[in-house]
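**Student:** Okay, handing you the structure first.
The values are calculated or read from the model by the stated rules, or taken from the named source; none is laboratory data. Only a predicted model underlies this, so the values are computations on that prediction, with no experimental measurement involved. In this analysis, Cβ positions are derived from the backbone assuming ideal geometry, glycine residues included, and neighbour counts consider all displayed protein chains.
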Amino acid sequence: MTHPLHRVTSFEQLDAYTLRVCFDDGTERVIDFSPVLHGELFGALRDPAAFAEVRLDPEVHTLVWPAGADFDPATLHDWPDHVGAISGLARRSELGAA
């Protein structure tokens, strides 16, 4: 089984935790990341200044943050299909760290 490979081509920050993300196939997705900002890796991004440090990695063509957080471009492309599972994992991770 194969799945399409997607690349993030650009992004724009619209709100504290919301980005407009553009992909190489012409798709644009407005993503509110607040539901997944939990746990050791993503919880640090609840600080708006830390979230705003997002960059586009030119090698892997996805969004990355200096602390090491990132998302697979395919996950970002199909965000509505994945946000529930990611949010649940992040919250369980946070509860396990407490």
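**Student:** Any chance you could count how many residues in the stretch 16-38 are part of a helix (DSSP H, G or I) and over 17 Å from V64 (Cβ atoms)?
**Tutor:** Restricting attention to the stretch 16-38, the residues satisfying the condition of being part of a helix (DSSP H, G or I) are 34-36.
Pick out the ones that are also over 17 Å from V64 (Cβ atoms) and you get 34-35.
Residues meeting the conditions: 2.
**Student:** Tell me, which residue of the stretch 1-12 that is in contact (Cβ under 8 Å) with a residue 60 or more places away in the chain and closer than 23 Å to A67 by Cβ is surrounded by the most Cβ atoms within 10 Å (Cβ to Cβ)?
**Tutor:** V8
**Student:** Considering the stretch 50-71 alone, what residues qualify as being out of contact with any strand residue (DSSP E or B) (no Cβ under 7 Å at 6 or more places or on another chain) and either over 15 Å from G39 (Cβ atoms) or surrounded by fewer than 17 Cβ atoms within 10 Å (Cβ to Cβ) (or both)?
**Tutor:** Matches in the stretch 50-71: A50, E53, P58, E59, V60, P66, A67, G68.
**Student:** Of these, I31, I86, which one is surrounded by 14 or more Cβ atoms within 10 Å (Cβ to Cβ), modelled with pLDDT of 95 or more and farther than 17 Å from L5 by Cα?
**Tutor:** Values: I86 fails: modelled with pLDDT of 95 or more.
Checking each option against the conditions leaves just I31.
**Student:** In the stretch 13-28, what count of residues is obtained for those that are surrounded by fewer than 12 Cβ atoms within 10 Å (Cβ to Cβ) and in contact with a Ser or Thr (Cβ under 7 Å, 6 or more places away or on another chain)?
**Tutor:** The qualifying residues number 0.
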